[in-house]
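Shown next, in structure tokens, is the structure this report addresses.
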Amino acid sequence: MNGRIAAVVGWPVAQSLSPVIHCHWFREYRIDGEYVALPILPENFSRCMAALPLMGFAGVNVTVPHKQAAAALAQTLDEDARRTGAVNLLVFGERGIAGANTDVAGFLASLRESLQVNQLTNRPAIVLGAGGAARAVVLALQRAGFDEICIVNRTRERAQAIVDQLALPVRCRVIDWGDWTNAFAGGGLLVNTTSLGMKGKAALELPLDHLPSDAAVADIVYNPVQTDLLRRAAAKGHATMDGLGMLMHQAVPAFAAWFGVTPKVTAELRTELLRALARA
Ligand code: ATR
């Protein structure tokens, strides 16, 4: 029987806010549990995943660079993990290790909470970036009801690979990086999934002039919460959504699977994360 302990595993992992989220919920639901951040080298990943269940862990959240290794190691995968090829949640059970991807549902929940999605879906969604996060976002956008999705990426082949591999029943277009005018014309929602704008990284130099004024702008970067992109979008009057919503919502199914309580995403949790970011 696994205990009330879970972890986030990554390399590096010290910057993770997952412990803040899960420890908040332990207090909120009066659960005597523990959640720790474990830095694990890629070459040690599978041996550590074999050891943690023996040590009483209920499971782990998986972050960079282990998301594909976790998909390969899990005995079962949920649909979103299969489709994205990335696992961010492992649940250690009696019958082995189950892998899931909760980023898709996390982004979708944040979208529905933050924006008037139904008023945006009749126009194309534009996704900047084609990494692991973009796959989850594209899948979530299709599920949200967008029937046209444009992927704009510096490396065109990676955007094409997402279109080919996800094979979604909606119109997907690949647009060259920098071809903003073409991408933005008539767009309903712009989502940044690149690492640009993150603390310590270059800013996203992106003219918003051609984006219709009633389009919304989302960023999955959450450090800083108010990215330069979101600041400029808000100044132009666009509705915006920051990256904290996805971060909080992707954690809900993990806590539920490990500890049997479906936690709520609240303003208090958001405040606690903002405080943690200010300390970092
Ligand atoms: P993740 O899995 O977290 O999404 P990733 O796979 O490293 O991370 O993807 C990062 C994304 O940011 C990619 O789309 C990357 O573009 P490339 O596919 O061309 O590498 C994008 N990105 C990172 N730095 C960039 C830069 N300086 N200019 C444009 N795009 C950049």
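Read the figures in this text as sums done on the coordinates, not as results from a lab. Note that the structure is predicted; figures quoted are calculated from it, not measured. A quick note on method: Cβ atoms are made from the backbone with ideal geometry, for glycine too, and the neighbour counts reach across all protein chains shown.
Worth a mention:
- Using a Gaussian network model of the chain in which every pair of alpha carbons under 10 angstrom is joined by a spring, one finds that among 218, 140, 69 the greatest mean-square fluctuation is at 69.
- Among the listed pairs 199/236; 199/264; 67/201, those with a Cα-Cα distance over 26 Å are 199/264.
- Nearest-ten-degree value, helix 45-54 long axis tilted from longest Cα axis of the chain: 50 degrees
- Per the Debye formula on identical point scatterers at the alpha carbon atoms of the range 223-264, with no solvent, log10 I(q)/I(0) at q = 0.15, 0.31, 0.33 Å⁻¹ is -0.50, -0.99, -1.05.
- Placing pseudo-labels 7 Å out from each Cα toward the beta carbon at residue 275 and residue 75 gives an inter-label distance of 4.1 nm.
- nm² value of the averaged projected area, convex hull over the Cα atoms of the chain: 14.1 nm²
- Across the options 186, 111, 127, the greatest Cα extent toward the positive end of the charge dipole of the range 68-189 (unit charges at beta carbon of Lys, Arg, Asp, Glu) belongs to 186.
- Pairwise Cα distances in the range 159-280 exceed 24 Å for 41 percent of all pairs.
- Separation of alpha-carbon centers, the range 217-243 and the range 88-110, rounded to whole Å: 27 Å
- GNM on the chain, alpha-carbon springs under 10 angstrom: the most fluctuating residue among 89, 111, 38 is 38.
- Positive dipole terminus of the range 202-280, leading residue within 230, 258, 220 (C-beta point charges): 258
- Degrees, to the nearest 10: 267-279 long Cα axis against longest axis of the chain: 90 degrees
- For the chain, the mean residue ellipticity at 222 nm estimated from helices alone is -12000 deg cm²/dmol, where every DSSP H run of n ≥ 4 contributes -39500 (n - 2.57) and the total is divided by all residues, rounded to the nearest 500.
- On Cα atoms only, tilt of 132-144 relative to the major axis of the chain in degrees: 70 degrees
- If you run the Gaussian network model on the chain, springs between alpha carbon atoms under 10 Å, then out of 130, 81, 239 the most flexible one is 239.
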